[in-house]
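J.: Structure incoming, see below.
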Amino acid sequence: MEKVLSQLYMIALIFTFASCIKEDKFGLSSFKEIKTFELPGQAGVSDIDKEALTIEIPMAEGASLIDISPSLIELSNFARIVPGIDEPQDFSESVTYTVTAEDGTSNDWTIIAVPALPNPQLANSNFDDWYRVGDYQQPGIDANNTVWGTANRAIAIAGDANTNPEDLGGGDFAARMTSVAAPLLVRMAAATLFTGRFKDGFPNPSDPRSNIDFGTPFIGRPESFQVEYQYFPGDSYEDANGNPLPGGDQCDIYVLLEKREGEEVERIATGWFRSSEEVSEWTTLEVGLKYGELSSSDPEFEYANIREGESWADPDATPTHITVVFSSSALGDFFTGAIGSELWVNNFELIY
């Protein structure tokens, strides 16, 4: 056991050092990027162009653009920005922000708020775009311009990534998620594809959910969602200790619409699909979204209910965020599932 812990500690040191070396190098840092820039009333992910030094932000119809302050700004380490995050600006026209690195050099970034299209969809929801990170790939054009995240970063530290592109031919790609034997302290690791991002810092293998910031800005009110999928449950359904369980592994596919203000999260709508049925041919699934509180008469009441610290919103409220999650093992958070379970998804769409 001491040897395993020692190996884990060394991996943590190496991973942490490698993830910081680019910006926390010796001497004064010259990095002056805007990594995240969000506005209240934002309708989708910000489009960050690091070469042109521009950021385009889709805004909800009717959202105020005058005299508003950014809701979130993230910069390169040691950099500072002017105007500050608490200084209101008129975003009805482009706004220039100056980011100054630790070494005194600076870049001028142009922020452009643009009207959102009606009935918004999520970027790259057909999963055709993937970018490379070391030995594995992630869904999206690049790390700054994607709404999708995976658990690949944690798995790839000591094994192979378990969410990967599957080439279907003709430029069509799907996402293939596989529950795998975990490389370190736990029995198995479910694959997940989600809106959001994997947090900075060394991942916690014993608490997968703590590693993830779920959700992305969104203001639509769809009636349902649709996705093409296949599912192949693994042979041996077991708990975290490897004890056999009745039934079989289940895939999880769900959409949550939320209203977020600071640390407060209110659930507006829920659409959830959980199944252990093998689906060996591409099948189109459509799941309705229920606006308002779930009741005990809803089939998904137990597992789709709000989490501790959350509350129910007015069902007529306008969302600020959408959370979409696909998982090859529904109880993967508890390391329960079948090694070898595979969920394939393609062409996710919100229906209005």
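J.: Can you give the longest stretch of the chain with no exposed loop site, where a site means trypsin sites (Lys or Arg not before Pro) in a DSSP loop (not H, G, I, E or B) with at most 14 other C-beta atoms within 10 Å? Mind dumping the intermediate values first?
T.: Working: sites that count: LYS22, LYS25, LYS199, ARG307.
The longest such stretch corresponds to 26-198.
J.: So, one more: For segment 266-298 and segment 80-126, compute the distance between their C-alpha centroids and round to whole Å.
T.: Cα centres, segment 266-298 to segment 80-126: 35 Å.
J.: Where the centre of each part is set by its Cα atoms, how far does segment 135-197 sit from segment 238-264, in angstrom?
T.: 17
J.: Show me the GluC sites (Glu not before Pro) within segment 298-334 that DSSP assigns to loop and that have at most 15 other Cβ atoms within 10 Å of their Cβ.
T.: On the way: sites: GLU300, GLU302, GLU308, GLU310; in loops: GLU300, GLU308, GLU310.
Here the GluC sites (Glu not before Pro) that fit, given the DSSP loop and packing criteria, are GLU308, GLU310.
J.: Next question, about the same structure. Return a single number: how many Lys pairs in the chain, at a sequence separation of 8 or more or on separate chains, have alpha-carbon atoms below 14 angstrom apart. Working shown, then result.
T.: On the way: LYS22/LYS32; LYS32/LYS50; LYS35/LYS50; LYS35/LYS199.
For the chain, the number of qualifying lysine pairs is 4.
J.: Could I ask something else about it? With a 10 Å cut-off between alpha carbons and a GNM built on the chain, which of PRO246, PRO233, PRO40 moves the most?
T.: PRO246
J.: Mind running the shape call on the chain? Use the C-alpha gyration tensor, a ≥ b ≥ c as the square roots of the eigenvalues: rounded below 1.5 for a/c, prolate if a/b tops b/c, oblate otherwise.
T.: Numbers: a/c = 1.85, a/b = 1.23, b/c = 1.50.
Verdict is oblate for the chain.
J.: GNM, the chain, Cα, under 10 Å: largest mean-square fluctuation among ALA52, ALA330, ALA123?
T.: Residue with maximal mean-square fluctuation among ALA52, ALA330, ALA123: ALA52.
J.: Let me ask something else. For all pairs of alpha-carbon atoms in segment 67-133, what percent lies in each bin of width 5 Å, listed from the first bin to the last filled one?
T.: Answer for segment 67-133: a P(r) of 4, 12, 18, 16, 14, 16, 13, 6, 1 percent.
J.: Let me ask another. Could you give the accessible area per residue of the chain, probe 1.4 Å, as a whole number in Å²?
T.: Numbers: 17230 Å² over 352 residues.
Here the per-residue accessible area is 49 Å².
J.: Rounded, prolate or oblate: pick one for segment 111-150, where a ≥ b ≥ c are the square roots of the eigenvalues of its C-alpha gyration tensor, a/c under 1.5 means rounded, and failing that, prolate if a/b is larger than b/c, else oblate.
T.: Numbers: a/c = 3.69, a/b = 1.86, b/c = 1.98.
Here segment 111-150 falls in the oblate category.
J.: Considering only DSSP states other than H, G, I, E and B, which GluC sites (Glu not before Pro) in segment 245-293 qualify as loop sites with at most 16 other Cβ atoms within 10 Å?
T.: On the way: sites: GLU258, GLU261, GLU263, GLU264, GLU266, GLU277, GLU278, GLU281, GLU286, GLU293; in loops: GLU263, GLU277, GLU278, GLU293.
Hits after loop and neighbour filter: GLU263, GLU277, GLU278, GLU293.
J.: Right, something else. Mind checking the full-extension length gain between GLU223 and THR105? Use 0.36 nm per residue of separation minus the Cα-Cα distance, one decimal, nm. Can you show the working numbers first?
T.: Numbers: separation 118, 0.36 × 118 = 42.48 nm, distance 4.89 nm.
The GLU223-THR105 span can extend by a further 37.6 nm.
J.: Right, something else. Would you calculate, for the chain, the mean residue ellipticity at 222 nm contributed by helices, counting each DSSP H stretch of 4 or more residues as -39,500 (n - 2.57) and dividing by all residues, to the nearest 500?
T.: Numbers: 3 runs with 27 residues, N = 352.
Result for the chain: -2000 deg cm²/dmol, rounded to the nearest 500.
J.: If you don't mind, another one. Where is the GNM fluctuation largest for the chain (alpha-carbon springs, 10 angstrom cutoff): GLY170, GLY340, GLY134?
T.: Most flexible of the set in this elastic network: GLY170.
J.: Loop-only check: which GluC sites (Glu not before Pro) in segment 68-161 are DSSP coil with at most 14 other Cβ within 10 angstrom? Each step should come with its number before you reach the end.
T.: Details: sites: GLU74, GLU93, GLU102; in loops: GLU93, GLU102.
For GluC sites (Glu not before Pro) across segment 68-161 that sit outside H, G, I, E and B with at most 14 neighbouring Cβ atoms in 10 Å, the list reads GLU93.
J.: Assign one of three labels to segment 89-202, namely rounded, prolate or oblate, based on the Cα gyration tensor with a ≥ b ≥ c the square roots of its eigenvalues; rounded applies when a/c is under 1.5, prolate when it is not and a/b is larger than b/c, and oblate otherwise. Each step should come with its number before you reach the end.
T.: Working: a/c = 2.62, a/b = 1.55, b/c = 1.69.
Oblate is the answer for segment 89-202, as a/c is 1.5 or above yet b/c matches or exceeds a/b.
The values are calculated or read from the model by the stated rules, or taken from the named source; none is laboratory data. These figures come from a predicted structure and were not determined experimentally. Quick reminder, even Gly has a Cβ in these numbers, built from the backbone with ideal geometry, and neighbours come from all protein chains shown. The protein model used for the area step is the full one, side chains on, heavy atoms only, and it has no ligands, DNA or RNA in it. Shrake-Rupley method; radii C 1.70, N 1.55, O 1.52, S 1.80 Å.
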